[in-house]
Every structure is written in C-alpha cells, then in structure tokens.
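Here's the structure, in structure tokens; my notes come after.
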Amino acid sequence: MSQYDVLIIGSGAAGLTAALTLAPTLKVGVIAKGRMSEGATGWAQGGVAAVLEQGDSFESHVRDTMDAGAGLNNLGVVEHVVSEAPAAIARLAELGVPFNLDDDGASSVTGGWHLTREGGHSHRRIVHVADATGWAIQQALEQAAAAHPNVSLVPDMVAIDLVTGRHATEFTTSGAVHGLYAFNRATGRVETLLARATILATGGAGRAYLYSTAPRGATGDGIAMAWRAGCRISNMEFMQFHPTCLYHLEVKNFLITEAVRGEGGILKHPVTGHRFMPDYDARAELAPRDIVARAIDSEIKRDGLDYVHLDISHREPEFVKAHFPNIHEKLLGLGIDITQEPIPVVPAQHYTCGGVLVDIDGKTDAPGLYAAGEVTQSGLHGANRLASNSLLECFVFGEAAARHILAHLDDLPDIPDVQPWDESRVADSDEEVVIQQCWGEIRRFMWNFVGIVRTTKRLERAKHRIDLLRQEVADYYKHFRVTPDLIELRNLVEVADLIICSALSRHESRGLHYTLDYPELAAEALDTVLVP
Ligand code: FAD
Ligand code: SIN
C-alpha cells in the first residue's frame with residue numbers, strides 16, 4: 001500500500017501540469033498505464049490556440065469556440081480558458097518548449113512566435129513546434145516533473161477502480177474517493193494507492209472506434225472508473241472525427257494535421273480532381289472539422305471511394321518541408337512525397353468531447369476526486385471542439401484542479417482503512433481469445449453504427465450488441481484475474497454504452513451528433529447528463 005498527498009492518474013498535459021503546480025507543497029504520485037509519454041499529448045501535431053496576434057481578441061477566440069460548440073459551450077468556462085491561454089503558453093516556453101518563431105523574428109506576435117491557422121479559427125492563433133508540438137510539450141513537462149523531488153513518476157501501473165468508502169474496512173456510502181487499485185505490470189500484482197485527493201487525467205476514449213488517431217491506451221478508463229464511482233458523465237455522443245487521417249493499408253492511425261489545410265492544403269476528389277469543399281461550406285477547407293469530416297464521408301459514400309486527396313504540393317517544397325518535417329519524412333518512408341503528390345486521407349475518430357462532468361475547479365461529483373483534460377466535460381467544447389483548444393484545456397484545468405486542492409487541503413476527506421484487493425475467488429484466464437473477440441466487435445459496430453452519420457435504428461442495433469457484450473465481459477471479469485487487456489475491455493464496454501445511450505437520447509442534430517432521423521436543431525440547447 002502506497003500513500004501520497006495527491007495521486008494523479010495520467011501523465012499527459014493535464015496530469016503533469018497538475019503535478020507541477022502541486023509539487024512545491026505536496027507529495028505527488030503520477031501513474032501511467034505504460035510509459036509516461038504514451039498518451040495523446042505526445043502525439044499532438046498542430047499546436048495550442050491562444051490570442052497572440054495583433055488584431056486578434058479574446059472575444060474572437062471565444063466566438064470561434066462557441067460557434068464550433070453549436071450552443072452547448074458554457075460561456076463562463078470558455079471566457080476563462082481563452083483568457084488564461086497566453087499565460088499558459090508563456091509558462092510552457094519558460095519550461096523550454098521551443099515554439100517556432102516567426103521567419104523574420106517579427107514581433108507583431110507576442111513572444112515573436114509563428115502562428116499557424118486551423119479550421120474554425122478566424123485568426124492565426126496556433127503556436128506550434130513544427131508538426132510535432134505535443135512531443136515537445138510532453139518532453140518539457142516530463143523533464144520538469146522528473147526533476148522535482150516531490151513528484152514520483154510511476155509507469156506501468158494500470159488503474160482498475162477508484163477506492164471509495166465502499167472499499168473501507170468500515171463501509172461508508174459517503175461517495176468520497178481515497179485513491180485507487182492498480183495493476184502493476186512489473187509484478188503482475190494489484191496494489192492499493194491512497195491519497196487525500198485523486199486527479200483523473202486519463203485522456204479520451206477514441207479506441208472504442210475501429211479507426212482512431214488516438215493512441216492504443218485511449219480506452220476511456222477514467223470515464224468508466226468515475227461512472228462506477230458514482231460521478232455523472234456528460235455529452236458522450238459528441239465524438240469528434242478528424243477529417244484527415246492518412247489512408248494506408250499498413251499505417252492506420254497517422255494524423256495529417258489540420259495545419260496542412262491551414263497553410264493552403266486543398267481537398268480534392270481523387271478521380272475527378274474536383275475541389276469539393278466549397279460545395280459544402282463557404283469556409284471551404286477551413287470550415288470546422290465536423291463539417292469537413294461529413295463532407296469527406298459524403299464524397300466517399302456517394303462515389304464508393306476508399307479515400308479523398310489532400311494536396312499541398314502546389315506550395316514551395318521548402319515551405320512544406322519546413323512546416324511539416326515529420327509528416328514529410330513519415331510519408332516519404334511510405335512512398336508518398338507530399339511536395340509532389342496528394343495525400344490519401346479518410347476521417348477517423350480523434351477526440352472525446354464528453355466525459356466526467358467537472359466544474360471550473362476540476363471538481364467532480366465525488367469528494368476528493370478531480371478531473372482534467374480530455375477525460376472531462378468541462379463546458380469548454382460544447383457539441384464540437386475547436387481545433388487546438390484541447391491541450392489548452394489540459395493546462396488550464398490541470399492547474400485549476402491543483403490550485404483548488406492546495407486551497408482546500410484541510411477540507412478533503414480523511415483516508416480510512418481500506419481493504420486490500422481480493423483475488424481469492426478468481427483464477428488465471430484460459431480464454432484470452434474472448435478479450436480480443438469482444439474488443440474487435442465493439443470497435444467495429446461503434447464505427448459502423450455510432451459513427452459520423454447516425455440513425456436511431458443503427459444506434460439500437462449497437463445498444464443491443466453492447467448489452468450482450470456487457471454480460472459476457474462481466475461474467476469473464478467475475479471469474480478471471482485482471483490483466484491490462486481485461487481492464488481496458490471492461491472500460492470500453494462501459495464507455496461504448498455511455499456513448500450509445502447519450503446518442504439515443506439526443507433527438508436532434510447538433511455539432512458532432514448528426515442523425516438522419518432528427519436532422520434539425522432542437523429549439524433549446526441542452527447537455528446530455530447521465531446519472532449513475
Ligand atoms: P493524455 O495525454 O492522453 O494522457 C493520458 C494519460 O492517462 C496517459 O499517461 C495514460 O497512460 C494514462 N492512463 C489512461 N488510462 C490509465 C489507467 N487505467 N491507469 C493509469 N494510467 C492511465 N489537441 C490540441 O489542442 N492540439 C493539437 O495539435 C492536437 N493534436 C492531436 C493529434 C493527435 C494525433 C491526437 C490523438 C490528439 C490531438 N489533440 C490535439 C488532442 C490532445 O492531444 C489531447 O486531447 C490531449 O493531449 C489529452 O491530454 P490528457 O492529458 O487529457 O491525456
Ligand atoms: C491537428 O493538428 O489537426 C489536430 C489539432 C487538434 O486536434 O486540435
């Protein structure tokens with residue numbers, strides 16, 4: 001049994017920002033289910049949105065965020081996050097994140113940084129480190145956390161469930177959270193980790209879908225754990241599909257950043273060469289990504305295509321290589337020279353807009369439990385996230401949760417005596433094949449029935465299947481010792497069910513939720529809130 005002042009589940013932008021804010025005062029444990037840098041943060045390409053350009057304004061960034069969010073954003077939260085953005089970027093620069101500078105070093109931009117442009121933004125607003133911004137941020141945060149004597153970074157520790165009063169030797173139904181049970185990959189044992197406060201920073205649930213740009217570990221563990229611990233989950237129907245994921249038979253989840261379109265990339269029909277985006281939206285390739293993803297989906301379905309083309313080859317080769325060095329190199333290795341030819345692309349799941357309901361301090365419904373980053377529904381994104389607002393949310397809410405803990409340490413629940421994990425009634429599995437089978441089934445029917453364009457009939461088919469799988473997985477979980485794969489599958493069943501139930505309950509098309517049975521917008525914009 002280990003004990004910390006604060007336990008953070010997740011070592012991406014949200015978790016490490018919280019850790020660095022807490023570290024000067026408290027002992028912090030940060031766990032990751034694999035290596036520390038394996039979350040979505042390290043994969044982020046485009047960058048971080050902030051008002052830094054002369055002529056841009058907080059009002060404009062707020063308006064763009066609210067436009068994308070289709071009426072479901074919380075205005076107070078949006079204003080708060082947008083106004084915190086420049087300071088968050090400055091802190092990252094201080095930590096050593098080498099944001100690209102303007103070519104001429106011009107300082108019309110605060111900090112002299114180069115700003116790129118992405119869909120839905122009415123200004124150049126995205127600071128970046130070429131096309132591998134997330135990796136630079138992850139490295140800087142991780143190095144700072146590793147160097148701090150108060151922070152313990154614990155890789156290969158897979159959280160299974162939150163410890164609540166129900167796990168105390170003196171059973172309580174207070175609903176408070178006191179830490180977690182986690183599977184240690186190194187020892188193969190389940191450990192109990194306790195803390196005064198616990199922060200969920202576990203990222204999204206993209207791997208509920210067959211095609212996703214998200215890393216392998218994005219199985220919605222935090223959302224499922226919070227739900228089982230009694231927290232409300234909100235807006236899970238709003239799954240964001242990125243319009244441009246590389247189409248390649250072997251490389252299935254490589255993102256082609258939106259900044260390629262921001263810097264002039266054009267979407268074309270692969271057979272006719274027709275530039276089709278102006279047929280769908282006046283903003284063409286720079287329309288918000290739900291519109292672009294649906295347009296591509298519609299071209300693909302109408303003409304039976306495998307992909308469409310994204311073409312930036314009309315720009316100077318040196319410009320393309322300088323702005324997109326990683327994409328250029330990666331695709332060259334696959335036989336595609338993006339300076340000379342178009343890139344085959346398809347939409348793929350990319351971001352989970354819904355999640356654990358939190359307030360502006362990152363507080364969840366459970367005393368002692370906070371959440372930050374992609375695992376949450378904070379009110380920032382509404383029905384559709386604006387590009388490059390997500391890392392920003394991690395920085396602002398990671399810090400907010402930490403500050404609230406620091407200010408309210410004495411009010412946090414005391415840690416009771418907790419029962420150790422009980423394995424007395426389970427055996428080693430002799431049927432691992434069940435896990436692979438269920439996992440594959442979920443991801444396929446979620447893609448086909450709960451994807452970019454939905455119908456009630458398809459959602460009901462998905463609901464029927466998830467109910468069957470839920471029983472099967474619960475039975476398996478009852479009889480066999482936990483493994484990382486089983487832990488993830490159990491969570492995938494939970495989040496897939498939450499997505500389907502949320503989608504079924506929304507009788508309108510809004511933002512990312514588009515259904516042929518209810519194509520209109522409802523008069524009133526309401527969040528979906530599921531209560532356990
Ligand atoms: P993550 O960075 O995903 O970290 C999750 C952490 O939780 C990991 O450490 C993981 O190991 C841990 N974890 C999960 N489950 C468990 C468990 N059961 N036990 C223990 N640990 C667990 N956003 C932008 O704003 N700009 C961009 O340019 C951008 N580009 C993107 C490109 C790609 C390819 C992808 C996939 C996303 C992109 N996004 C971008 C979105 C953004 O990267 C993510 O939303 C953000 O990084 C999420 O950070 P996070 O800290 O919430 O979680
Ligand atoms: C991208 O670089 O296109 C991703 C940006 C984002 O997801 O915010």
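The values are calculated or read from the model by the stated rules, or taken from the named source; none is laboratory data. As the structure is a computational prediction, the values presented were derived from the model and not from experiment. When we count neighbours, we look across all protein chains shown, and the Cβ atoms used for this are built from the backbone with ideal geometry, even at glycine. The protein model used for the area step is the full one, side chains on, heavy atoms only, and it has no ligands, DNA or RNA in it. Shrake-Rupley method; radii C 1.70, N 1.55, O 1.52, S 1.80 Å.
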Of everything in segment 274-288 that's open to solvent by 40 Å² or more (accessible area, probe 1.4 Å) and more than 16 Å from ligand 2 (Cβ to nearest atom), which residue is farthest from the chain's Cα centre (by Cα)? His274
Report yes if Gly451 is more than 16 Å from ligand 1 (Cβ to nearest atom), part of a loop (DSSP other than H, G, I, E, B) and open to solvent by less than 10 Å² (accessible area, probe 1.4 Å), otherwise no. yes
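Quick one: how many residues across segment 43-68 are part of a helix (DSSP H, G or I), touching a residue at least 40 places away in the same chain (Cβ under 8 Å), open to solvent by 20 Å² or more (accessible area, probe 1.4 Å) and more than 21 Å from Gly134 (Cα to Cα)? Walk me through how you get there before you give the answer.
Within segment 43-68, the first condition is being part of a helix (DSSP H, G or I), and the residues that meet it are 43, 58-68.
Right, trim to touching a residue at least 40 places away in the same chain (Cβ under 8 Å) and you get 43, 60-61, 63-68.
The next check asks that each one be open to solvent by 20 Å² or more (accessible area, probe 1.4 Å); those that pass are 43, 63, 66-67.
Keeping just the survivors that are more than 21 Å from Gly134 (Cα to Cα) gives 63, 66-67.
Count: 3.
Looking at Ser37, Ser11, Ser57, can you tell me which residue is over 30 Å from Leu162 (Cα atoms) and either more than 21 Å from the chain's Cα centre (by Cα) or at pLDDT 95 or above (or both)?
Of the residues listed, the single one that is over 30 Å from Leu162 (Cα atoms) and either more than 21 Å from the chain's Cα centre (by Cα) or at pLDDT 95 or above (or both) is Ser57.
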Filter segment 335-365 for residues that are hydrophobic (A, V, I, L, M, F, W, C) and open to solvent by less than 10 Å² (accessible area, probe 1.4 Å) and give the result. Ile338, Ile343, Val345, Ala348, Cys353, Val356
Verdict on Ile312 being open to solvent by 10 Å² or more (accessible area, probe 1.4 Å) and out of contact with any Leu (no Cβ under 8 Å at 6 or more places or on another chain): no
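Restricting attention to segment 1-54, which residues are among the β-branched types (Val, Ile, Thr) and under 30 Å from Ala168 (Cα atoms)? So that I can check it myself, show each step before the final result.
Going through segment 1-54, the residues among the β-branched types (Val, Ile, Thr) turn out to be 6, 8-9, 17, 21, 25, 28, 30-31, 41, 48, 51.
Matches in segment 1-54: Val6, Ile8, Ile9, Thr21, Thr25, Val28, Val30, Ile31.
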Could you grab me the full set of residues in segment 130-143 that are closer than 19 Å to Cys394 by Cβ, open to solvent by 20 Å² or more (accessible area, probe 1.4 Å) and within 12 Å of ligand 2 (Cβ to nearest atom)? Ala132
Go through Thr198, Thr173, Thr192 for me and flag whichever is hydroxyl-bearing (Ser, Thr, Tyr), assigned to a strand (DSSP E or B), away from ligand 1 (no atom under 12 Å from the Cβ) and touching a Gly at 6+ places or on another chain (Cβ under 9 Å). Thr192
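Scan segment 198-215 for residues that are open to solvent by 30 Å² or more (accessible area, probe 1.4 Å) and of a type outside the set (Val, Ile, Thr) and report the count.
Here is the first cut: in segment 198-215, the ones open to solvent by 30 Å² or more (accessible area, probe 1.4 Å) are 202, 207, 210-211.
Then drop every residue that is not of a type outside the set (Val, Ile, Thr), which leaves 207, 210-211.
Looking only at that region, the number is 3.
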Filter result for Glu399 (surrounded by 22 or more Cβ atoms within 10 Å (Cβ to Cβ) and either within 25 Å of Gly511 (Cα to Cα) or within 11 Å of ligand 1 (Cβ to nearest atom) (or both)): no
Any residue at all in segment 226-233 that's surrounded by fewer than 22 Cβ atoms within 10 Å (Cβ to Cβ) and either within 14 Å of ligand 2 (Cβ to nearest atom) or assigned to a strand (DSSP E or B) (or both)? no
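Only one of these is closer than 20 Å to Met36 by Cβ, open to solvent by 30 Å² or more (accessible area, probe 1.4 Å) and either without any contact (Cβ under 8 Å) to a residue 24 or more places away in the chain or not acidic (Asp, Glu) (or both): Ala146, Ala218, Ala159, Ala195. Name it. If you could, list the steps in order and put the result at the bottom.
Numbers: Ala218 fails: open to solvent by 30 Å² or more (accessible area, probe 1.4 Å); Ala159 fails: open to solvent by 30 Å² or more (accessible area, probe 1.4 Å); Ala195 fails: open to solvent by 30 Å² or more (accessible area, probe 1.4 Å).
One residue alone meets the criteria, Ala146.
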Considering each residue of segment 256-280, count those that are aliphatic (A, V, I, L, M), more than 25 Å from Arg510 (Cβ to Cβ) and in contact with a strand residue (DSSP E or B) (Cβ under 7 Å, 6 or more places away or on another chain), and give that number. 4
Could you list, in sequence order, all residues of segment 366-386 that are farther than 18 Å from Thr17 by Cα, open to solvent by 10 Å² or more (accessible area, probe 1.4 Å) and either free of Cβ contacts under 8 Å to residues at least 60 places away in the same chain or within 11 Å of ligand 1 (Cβ to nearest atom) (or both)? Arg385
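Which of the following residues is within 16 Å of ligand 1 (Cβ to nearest atom), modelled with pLDDT of 95 or more, crowded, with 22+ Cβ neighbours inside 10 Å and closer than 18 Å to Thr116 by Cα: Val320, Val260? Before you say what the answer is, go through the steps one by one.
On the way: Val320 fails: within 16 Å of ligand 1 (Cβ to nearest atom).
Val260 is the lone residue from the list that is within 16 Å of ligand 1 (Cβ to nearest atom), modelled with pLDDT of 95 or more, crowded, with 22+ Cβ neighbours inside 10 Å and closer than 18 Å to Thr116 by Cα.
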Regarding Gly71, is this residue surrounded by fewer than 21 Cβ atoms within 10 Å (Cβ to Cβ) and part of a loop (DSSP other than H, G, I, E, B)? yes
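Looking at Leu489, Leu504, Leu459, which one is open to solvent by less than 30 Å² (accessible area, probe 1.4 Å), out of contact with any Gly (no Cβ under 7 Å at 6 or more places or on another chain), within 18 Å of Ile223 (Cβ to Cβ) and in a helix (DSSP H, G or I)? It would help to see each step written out before you state the result.
On the way: Leu504 fails: open to solvent by less than 30 Å² (accessible area, probe 1.4 Å); Leu459 fails: within 18 Å of Ile223 (Cβ to Cβ).
From the options Leu489, Leu504, Leu459, the qualifying one is Leu489.
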Identify the residue in segment 380-397 that is more than 12 Å from ligand 2 (Cβ to nearest atom) and not in a helix (DSSP H, G or I) and, among all such residues, is farthest from His242 (Cα to Cα). Leu380
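Right, Asn326: in contact with a helix residue (DSSP H, G or I) (Cβ under 7 Å, 6 or more places away or on another chain) and either open to solvent by 40 Å² or more (accessible area, probe 1.4 Å) or under 30 Å from Lys268 (Cα atoms) (or both) or not? Even if it seems obvious, please write down each step before you answer.
Details: in contact with a helix residue (DSSP H, G or I) (Cβ under 7 Å, 6 or more places away or on another chain): no; either open to solvent by 40 Å² or more (accessible area, probe 1.4 Å) or under 30 Å from Lys268 (Cα atoms) (or both): yes.
No, not satisfied.
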